[in-house]
1. Cut-off is 10 Å between beta-carbons; in what order do 159, 210 appear when sorted fewest neighbours first?
2. Taking the number of other C-beta atoms within 10 Å as the exposure measure, put 262, 313 in order starting with the fewest.
3. How many nm separate the modelled label positions at residue 118 and residue 146, each set 7 Å beyond the Cα in the direction of the Cβ?
4. Once label points are set 7 Å from the Cα along Cα→Cβ at both residue 180 and residue 162, what is their separation, rounded to one decimal in nm?
5. Can you list the residues, at least 5 places off or on another chain, whose amide H is less than 5 Å from the amide H of residue 268, using H built in the peptide plane?
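Any read-out appearing in this document is the output of simple, stated calculations on the displayed coordinates, not a laboratory observation. Just so it is clear, the structure is predicted and the values come from calculations on it, not from any experiment. Cβ sites come from the backbone with ideal geometry, for glycine too, and all protein chains shown count toward neighbours.
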Amino acid sequence: MATSRYRRSDLALPLVVLLFQVWATLGAQTWQVNNGVDSRVPLDPLGFGLLAAGPLALTARRAHPVAVLWITSAVTCLYIWLGFAYGPVFAALGIAVANAILTGHRRHGWGAGAALFAFFTAYTGWTLGRPQDWFHHGAVAAVILVVLTAAELIRARRDQRLERERVQLEESRRQASEERLSMAQELHDVLGHSISLIHVQASTALHLIDEHPEQARTALSTIKHASKDVLTEMRSVLGVLRDGAPRTPTAHLAQLDELIALVERSGTPVTRRTTGVPRPLPPGIERAAYRIVQESLTNVTRHAPGARTVVTLDYGPRELLVGVDDDGGTATPGALAAEGGGNGIPGMRERAAALGGSLAAGPHRSGFRVEARLPLPPAPGADPVEDTEDTEDTEDTEDTEGH
């Protein structure tokens, strides 16, 4: 279908130009004869052939723009040189010049324009019989210049439009890529923590079910709560994908107590400490802080189950310090060192770095420490310098043991 339209357009334009050039030139020839312009000769078969050659050559303008340009230039110059009646003989040539420039052959387009100007200069000097011929030939040269300029303007605007479309396409691809990466990270956080906890508790339940059924029951209860939480978060993430709405953080620090309670059910005691003055934080900071704590506690339950763990949130004037420390529990030093070898630690570092912060993770004393520093906007209506002094003098500390 597209090919048939393409062929029709390739034939329609040359046919229109052919009819226009022949009809208008015959009219111009009649006027020139009636007004005694004897410097031009009437059309003969050769003249009609040259007059038709340019428009017919335009049928190949898409496949061979340069060849069509020079063929059209040659037959037009020959037509003028042989002295046939003046008419719109430059219509096909103007289209060929514009086509060459628009298809990227600018040097050929301007070269043909310069060659035509040189030809008319020589032709005018050779055949000059009356002063009015200077004006006529000069007008022809001006038309050529107008065609070249118009073609360049069209080309420039087209290139600008294509560049804008290219930039928009690249931007949409970049945003889609970032969204996929963010969604993959979100799914990792949602699934990784709960599945790791379920795995540990399932192993514990299998080990204790015969000799300590009550402890096995506790492990199964933890599995129940963890699976419920992961289903809730999965529905939230998938709901965003289904609705196509702007994605908002699915986790925040207000959920931290629930997370700690779930971890404690698995047998890992967790202490939460909050220093500084808690305040509402940007959603991205809240989400990153929660996910860092979640991933760190996942590592504790995986590599050091039962280890005493301290979660610290320090609200400073310019940064939020998030710390997770464990004492190692019954884990061996090798197991603790392996904590930093998975995908969780790099993912936490990426979260912190994306917000302009930093994250350090590694062995500390007998256990393991994760410490993230996330930059914060200044508190509303507060002087950052004064806040620093006040925080140092009156540090508000909350310790919550066993939730």
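1. Numbers: 159 11, 210 8.
If I rank by nearby Cβ atoms, fewest first, I get 210, 159.
2. Details: 262 23, 313 19.
Listed from fewest to most nearby Cβ atoms, that is 313, 262.
3. Calculated label separation equals 2.6 nm.
4. 2.7
5. Close amide H contacts, sequence-distant or interchain: 306.
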